[in-house]
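Report on the following structure.
The values are calculated or read from the model by the stated rules, or taken from the named source; none is laboratory data. Source: prediction; values computed, not measured. Quick reminder, even Gly has a Cβ in these numbers, built from the backbone with ideal geometry, and neighbours come from all protein chains shown.
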Amino acid sequence: MISAYVKDKIAKAIFWISGMTIILTLFAILGYVAVKGIGAMSLEFLLEIPRAAGREGGIFPAILGTLYLTAIALLFAAPIGVGAAIYLTEFTKEGRITNIIRLWVDTLNAVPSIVFGLFGFALFVFYLRDYTGGVSILSGGLTLGFMILPTVIRTSEVAIKTVPKSDKEGSYALGATKLYTVRKVILPSALPGIVTGLILGLGRAAGETAPIIFTAAVLNPILPTSIFDPTMALTTHLYTLTSEGISERNAFGTALVLIIMILILNYTARFLDNYLSRNLKR
Amino acid sequence: MSENKIEVKDLNLWYNENHALKNITVDIRSNKVTALIGPSGCGKTTFIRTLNRMNDLIDNVKISGKVFLDGKNIYDPDVDVVSLRKRVGMVFQKPNPFPMTIYDNVAYGPKAHGIKNGLKEIVEKSLKSAALWDEVKDRLDKPALDLSGGQQQRLCIARTLAVKPEVILFDEPCSALDPISTAKVEELINELKKNYTIVIVTHNMQQAARVSDFTGFFLLGKLVEFGKTKDIFERPKERATEDYITGRFG
């Protein structure tokens, strides 16, 4: 017979191992990329265009391209995603239609990113090329936007649902309309959660390769002049550097830059969450 | 003005299959305080929420019967819920100030109705009427959630007064408050009945006896007895009322 005390100790050890595994994995990946990539890091690497197919020079156009692409994705996914979440939570009764929408949102979330790439290629690059410029920042950004839409809808929905019912009732009891209540009571309270969801979605968009391979990315080191131009991106650049065996050092350098960008996004999310909820404490 | 502000006729309400209000017929007098008492789950809160159609917000509620406000049935299809709730304000069981400043809480209703001028005066007047002005006049820009529970509830009353309602519904307004805060709110209700018609749901029979002119006793979704508060407490006609008031159940 094992005593309760020993049982607890064993359980604690098992959970400790689980927790440590996460930390170790993260450190292993970050550490490995950092060690291999730090050699490539320099001001020149960050601020210059690639030369000799990426063997020399920097990755500035790729950094810029990734920023542009995620910005377009955000501009597309934020209003539609938050709007859909508001509709699902506030403007309709729970029932068949909301269930169908939720099921489809979840299914959309499960669609592999390469399929989004194919979809973006067919819709934006081909069908709508007169409006998107074919392979372009706009096409790639919209494709990424579609991809992160389910994340944005679901996180916004969760954030909106945490707004206390008593706050909403208070507003309705004063004769406020639904729209006014959404604008003045629900959105301000839900904003921290919504913003966190958006930024985490952005991190995903920044790290994706498949959706932009056919829709936005090019290999030649050009600086885009408008959203109708194609662009380099960090992930596709990394892919080329590695698959063509061009430069391991620069590949890891690129990976390091990408990871740092995503870490900055995640910490921004955390900071904004705290900042925006400072007045909501109860 | 007619003597009755609100006339309820044959009101029935179902939550899904649950028949929560049964054939309620009652008149609410103008500028009087009407208290509704009864054990938990008897329908008194459900009833009060039919008077400003707050039950509209809940799915699967079915209502039959009529509620006349100044002679107009508020369940007629042409009635605008927004302007109804402007006329019939509500104070809830748990103080529920918005997570904004004290000023913005009181100005919320008027702003929602498009009022832009004279907000400052409205806020001051409402806070004074709710007997809260002296305690908060120097910190109107501070978060309302920093106030004590009793102050928060008076803020919610001020917030309701700011939209200039005709009727105020109080849904167990003191159940989350300490005795001193409760006394303040009761005093306030006494003061407010000069200008408003008041309906108050309460668990507390002493409170009903202290603040109200009329009392209704609810049991299992029925309005068992209704009359002058004095009569209800001193000479109840129904056995159930007497049992409840004397504490034999409930």
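Here the strands (runs of 3 or more DSSP E) wholly within the stretch B:3-95 that include at least 3 residues being over 23 Å from B:Glu187 (Cα atoms) are B:4-15, B:18-29, B:61-69. Only a single criterion out of (1) surrounded by 19 or more Cβ atoms within 10 Å (Cβ to Cβ); (2) closer than 14 Å to B:Leu223 by Cβ; (3) of a type in the set (Gly, Ala, Ser) is not satisfied by B:Gly89, namely (2). Counting only helices (runs of 4 or more DSSP H) that sit wholly inside the stretch A:101-179, those with at least 3 residues that are closer than 30 Å to B:Ala107 by Cβ are A:137-161, A:165-173.
Go through the residues of the stretch B:166-180 one by one and say whether even a single one is buried (at least 17 other Cβ atoms within 10 Å of the Cβ), farther than 24 Å from B:Gly43 by Cα and not charged (D, E, K, R). No, because not a single residue in the stretch B:166-180 is buried (at least 17 other Cβ atoms within 10 Å of the Cβ), farther than 24 Å from B:Gly43 by Cα and not charged (D, E, K, R). Within the stretch B:116-151, the set of residues being of a type in the set (A, V, I, L, M), touching a residue at least 24 places away in the same chain (Cβ under 8 Å) and more than 9 Å from B:Tyr103 (Cα to Cα) comprises B:Ile122, B:Leu127, B:Ala130, B:Ala131, B:Leu132, B:Val136, B:Leu145, B:Leu147. One residue alone among B:Val82, B:Val123, B:Val91 is closer than 24 Å to A:Thr177 by Cβ and more than 9 Å from chain A (Cβ to nearest Cβ), and that residue is B:Val123. Restricted to the stretch B:67-79, and to residues there that are under 19 Å from the mean Cα position of the chain (by Cα) and in contact (Cβ under 8 Å) with a residue 40 or more places away in the chain, the residue that is nearest to the other protein chains (Cβ to nearest Cβ) is B:Leu69. In the set B:Asn52, B:Asn105, which member is touching a helix residue (DSSP H, G or I) at 6+ places or on another chain (Cβ under 8 Å), within 14 Å of chain A (Cβ to nearest Cβ) and farther than 30 Å from B:Arg139 by Cα? Just one listed residue meets the conditions, B:Asn52.
Within the stretch A:160-177, the set of residues being within 14 Å of chain B (Cβ to nearest Cβ) and over 16 Å from B:Phe92 (Cβ atoms) comprises A:Thr162, A:Thr177.
Residues in the stretch A:90-134 that are aromatic (Phe, Trp, Tyr) and closer than 30 Å to B:Asp56 by Cα: A:Phe91, A:Trp104. Just to be sure, is A:Pro211 in a helix (DSSP H, G or I), surrounded by 17 or more Cβ atoms within 10 Å (Cβ to Cβ) and either within 23 Å of the chain's Cα centre (by Cα) or basic (Lys, Arg) (or both)? So A:Pro211 passes the test. Residues in the stretch B:152-168 that are within 10 Å of another protein chain (Cβ to nearest Cβ), farther than 21 Å from B:Ala183 by Cα and in contact (Cβ under 8 Å) with a residue 60 or more places away in the chain: B:Val163, B:Pro165.
In the set (1) assigned to a helix (DSSP H, G or I); (2) within 22 Å of A:Ala77 (Cβ to Cβ); (3) of a type in the set (Ser, Thr, Tyr), A:Ser226 fails one condition alone, (1).
The rows are residues; the columns are (1) at pLDDT 95 or above; (2) more than 30 Å from A:Ser277 (Cα to Cα).
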position	(1), (2)
B:Asn4	no, yes
B:Ala20	no, yes
B:Val61	no, yes
B:Gly71	no, yes
B:Val79	no, yes
B:Met90	yes, no
B:Pro95	no, no
B:Gly114	no, no
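Taken together, the residues in the stretch A:232-255 that are in contact with a strand residue (DSSP E or B) (Cβ under 7 Å, 6 or more places away or on another chain) and not in a loop (DSSP other than H, G, I, E, B) amount to 1. Residue check: B:Glu242 meets all listed conditions (1) surrounded by 22 or more Cβ atoms within 10 Å (Cβ to Cβ); (2) more than 16 Å from the chain's Cα centre (by Cα); (3) part of a helix (DSSP H, G or I) but one, namely (1). If the condition is being farther than 17 Å from A:Ile38 by Cα and either surrounded by 22 or more Cβ atoms within 10 Å (Cβ to Cβ) or among the hydroxyl-bearing types (Ser, Thr, Tyr) (or both), then the stretch A:243-261 contributes only A:Ser243. Only one entry in B:Pro236, B:Pro173 is in a loop (DSSP other than H, G, I, E, B), closer than 27 Å to B:Thr101 by Cα and in contact with a strand residue (DSSP E or B) (Cβ under 9 Å, 6 or more places away or on another chain), namely B:Pro173.
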